Amino acid sequence: MLCIKNGMVVDGISDVPYKADILIDKGKVIDIRENIEDAAEEVIDAAGKWVLPGLVDAHCHLREPGFEYKEDISSGTRSAAAGGFTSVACMANTNPVVDNGAMVNYIKSMAMVKGVVKVYPIAAVTKGQQGQELTEMRELKEAGAVALSDDGKPIMNPHLMKLALQYAKGLDMLIISHCEDLSLVGDGLMNEGYMSTVLGLKGITRAAEEVMVARDIILAEVLDAPIHIAHVSTKGSVELIRQAKRRGVKVTCETAPHYFSATDAWVDGYDTNAKVNPPLRTDEDVAAIKQGLKDGTIDIIATDHAPHHRDDKEVEYSLAANGISGFETAFSLAYTHLVETGVLSIQELVHKMSKGPADILKIDAGTIEIGKPADIIVVDLHRTYTVDVSKFYSKGKNSPFHGCTLKGKVMHTIVDGKVIMKNEKIIV
């Protein structure tokens, strides 16, 4: 048995935090109350700390198979655990693409062998992510895919997207849309605006995202089908989704920590670690993202963890890969920029990063309840630290937040009652 004692608990269900001990046996929570005296083989003293449901990431890239030099399931899940994530949903843009049942089973089996957190595969919408032919969605669902997405590549053909939404609706599956009109992106490299002009880099208009957000909202509305919009980054996208929700459209969406923690000014000096897709935007967009999180327009926070080898980043800006290694800074960025500034309460942040994503993916996670799996983290909300990418468990050291001072640190991570990280050190 394991007992977490003396912590302030945010369980994902109750309206207010409360002080309690949590007793865990055989991977499940068996008691939650003050002053549990049962003899436990292991005790974690959480005095002065907060006990939260394990974080759930609805959007990450583990890179295996095919890109193990960037990340693999072993390193990726350890990085996730270091960031407080106990369940992660990984995108299909591997090599080969996760576009058939065998590949879904491969991801699941490798996660069972090498992973230290729970891994849920997201399968492709189109075969090979080529945007030409739909995958066998029923086969993918039966194999265990929790959602469908061609993330990394937008589905440009609106008729194909319409068919995809129809089929997915019939199977009660969720499509996660990467909203980007490639004809509007062209050969752009960063957000179009003042900074792109100063740096002499070709800009990407915000319309490239917003046109596709509008298209997919319209299709979802016509079909009365659910859709989830990935990595929302612009003020216009937030407003389109806000209006759609008011009309009753079945649309949910996410943003990532870098879209409320950084702007296109971070590209100054041609920092390739600040090169992401969609690109970092402006102060006005950051404010809109925060407001969208505050008023519920933006349902959840996902990392879009996109680790890269240094060879993919230490090149000219125009040649650099898009993406940020996001697992290990996500909670701290969210706490620092959202809770400390009064945008969200700690309970609201837990919902955005635990129960909310679990509900959208329809997985059994995101709360601390008797009888439920003991996926729990202990965090020190008073701890400030400086981000050092050399200490990342991820193979990907690509982060623009290196050297930033953040507040709120995950100390312990527990998955199915097993301690994976103790005192900030992965022990498995």
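With respect to residue 101, is the statement that it is surrounded by 14 or more Cβ atoms within 10 Å (Cβ to Cβ), in contact (Cβ under 8 Å) with a residue 12 or more places away in the chain and on the phi > 0 side of the Ramachandran plot true? Criteria not met by residue 101. Is there a residue being buried (at least 18 other Cβ atoms within 10 Å of the Cβ) and part of a helix (DSSP H, G or I) anywhere in the stretch 41-60? Within the stretch 41-60, none of the residues are buried (at least 18 other Cβ atoms within 10 Å of the Cβ) and part of a helix (DSSP H, G or I).
For the stretch 145-164, how many residues meet the condition of being assigned to a loop (DSSP other than H, G, I, E, B) and either among the β-branched types (Val, Ile, Thr) or without any contact (Cβ under 8 Å) to a residue 60 or more places away in the chain (or both)? Break it down into steps so the answer makes sense when it comes.
The initial filter retains those residues of the stretch 145-164 that are assigned to a loop (DSSP other than H, G, I, E, B), namely 145-146, 149-157.
From what is left, the residues that are either among the β-branched types (Val, Ile, Thr) or without any contact (Cβ under 8 Å) to a residue 60 or more places away in the chain (or both) are 145-146, 150, 154-157.
Selection size over the stretch 145-164: 7.
Evaluation of residue 269 against the conditions (1) touching a residue at least 12 places away in the same chain (Cβ under 8 Å); (2) more than 21 Å from the chain's Cα centre (by Cα) shows that the sole unmet condition is (1).
At least 1 residues being within 24 Å of the chain's Cα centre (by Cα), free of Cβ contacts under 8 Å to residues at least 40 places away in the same chain and surrounded by fewer than 21 Cβ atoms within 10 Å (Cβ to Cβ) is the threshold, and among the helices (runs of 4 or more DSSP H) wholly inside the stretch 165-225 those reaching it are 182-185, 207-223. The single condition from (1) touching an Asp or Glu at 6+ places or on another chain (Cβ under 6 Å); (2) closer than 19 Å to residue 277 by Cβ; (3) in a loop (DSSP other than H, G, I, E, B); (4) not charged (D, E, K, R) that residue 249 fails is (2). The conditions of being in contact (Cβ under 8 Å) with a residue 60 or more places away in the chain and not hydroxyl-bearing (Ser, Thr, Tyr) are met by residue 117. Here residue 37 fulfils each of the conditions (1) within 23 Å of residue 18 (Cβ to Cβ); (2) in contact (Cβ under 8 Å) with a residue 24 or more places away in the chain apart from (2). Exactly one residue out of 354, 394 is crowded, with 23+ Cβ neighbours inside 10 Å, touching a Leu at 6+ places or on another chain (Cβ under 9 Å) and either aromatic (Phe, Trp, Tyr) or touching a residue at least 60 places away in the same chain (Cβ under 8 Å) (or both), and it is 354. The single residue among 170, 193 that is more than 24 Å from residue 102 (Cα to Cα) and out of contact with any Pro (no Cβ under 6 Å at 6 or more places or on another chain) turns out to be 193. For residue 4, state whether it is surrounded by 15 or more Cβ atoms within 10 Å (Cβ to Cβ), in contact with a Lys or Arg (Cβ under 8 Å, 6 or more places away or on another chain), at negative phi and in contact (Cβ under 8 Å) with a residue 24 or more places away in the chain. No.
Got a number for residues in the stretch 117-164 being within 18 Å of residue 364 (Cβ to Cβ) and either buried (at least 16 other Cβ atoms within 10 Å of the Cβ) or among the basic types (Lys, Arg) (or both)?
Adding up the residues that qualify gives 10.
Scanning the stretch 212-224 finds no residues that are at pLDDT 95 or above and either under 25 Å from residue 273 (Cα atoms) or of a type in the set (S, T, N, Q) (or both). When residue 322 is tested against (1) more than 15 Å from the chain's Cα centre (by Cα); (2) under 18 Å from residue 231 (Cα atoms); (3) touching a residue at least 60 places away in the same chain (Cβ under 8 Å), only condition (3) is not met.
Going through (1) touching a helix residue (DSSP H, G or I) at 6+ places or on another chain (Cβ under 9 Å); (2) buried (at least 21 other Cβ atoms within 10 Å of the Cβ) one by one, residue 81 falls short only on (1).
When 84, 76 are screened for being farther than 25 Å from residue 30 by Cα, touching a Leu at 6+ places or on another chain (Cβ under 6 Å) and not hydrophobic (A, V, I, L, M, F, W, C), only 76 passes. Checked against (1) buried (at least 19 other Cβ atoms within 10 Å of the Cβ); (2) over 25 Å from residue 236 (Cβ atoms); (3) not β-branched (Val, Ile, Thr), residue 318 passes all but a single condition, namely (1).
The values are calculated or read from the model by the stated rules, or taken from the named source; none is laboratory data. The model shown is predicted, which means the values in this text are computed figures rather than measured ones. Please note: Cβ atoms are built from the backbone with ideal geometry, for glycine as well, and neighbour counts cover all protein chains shown.
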